[in-house]
Amino acid sequence: MRRVRIAAGIALWVLASVRLALAQDPRLAGRLDAGTLAAVQGVVDSVRPLGIPSEPLIVKALEGASKNATGPRIVAVVRRLSGELASALGALGPASSTAELVAGAAALHAGAPVTALQRVRAVRTDETVAVHLAVLADLIAGGAPADTASAAVIALALTSLQDAELVAFRQSVDRDIALGAPAGAAVTVRVNATARDQVLGAGASSPGPARPRRP
């Protein structure tokens, strides 16, 4: 009787596992061939228990399909993103939002060191850093050396700048680059000016609104 119960339990476990494996996202089923679908779903299923969100991986696969990328290319990109999301999760912590992890993965993909993500999180332990990391990714993608961009964003994390002001900072750097300034120099000049303005403003104005906390 005991053997029958064990066998029945194993059968139920196998059945549950099969059902879970077949629970594929319907968006992928209509866009990918069978082999690519199985490979992408395998990546998604393998990282889900680690706390890595599946939506960015699915979106990346759909993006590849929209661009008519080959199946192997789509799978390779999804796997690479899963690794970058895992690294971002390790650097930012398990309480990080999907937006933070996606921005962190983008920064790592651009060339930012993991330590940059760790330091930004250390500065803003209970506050959202998604925009900081998105700015970091954009600065490096725009040509700024990774160490220069990382130092700048860490410095910005120490200020009271709001998300809209961080975006304005990046736009200012972009304008300087468009006018002919080297990317690294543009970042350094702008971050120094921002820090100086923060110091002067702190002595002349009252504290601003509280910075947003992570959801």
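Nothing in this text is a laboratory measurement; each read-out follows from the coordinates by a stated rule. Note that this is a predicted model, so its numbers are computed, not measured. Note that each Cβ is placed from the backbone with ideal geometry, even for glycine, and that neighbours are counted across all protein chains shown.
What the table shows:
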| item | result |
| --- | --- |
| Cut-off 14 Å between beta-carbons: net charge of the residues surrounding V173, Lys and Arg +1, Asp and Glu -1 | -1 |
| Extended-chain gain in nm, criterion 0.36 nm per residue less alpha-carbon gap, A178 and D147 | 9.0 nm |
| Reciprocal of mean inverse Cα separation for the stretch 83-150 (Kirkwood radius, Å) | 11.3 Å |
| Shape parameters for the stretch 59-175, alpha-carbon atoms, Rg then Dmax in Å | 14.6, 45 |
| Spacing of the two label points (7 Å from each Cα toward its C-beta) at R48 and R31, in nm | 1.8 nm |
| Longest to shortest principal axis, alpha-carbon extents of the stretch 24-100, angstrom | 35, 20, 17 |
| C-alpha center-to-center spacing [the stretch 83-105, the stretch 123-190] in angstrom | 19 Å |
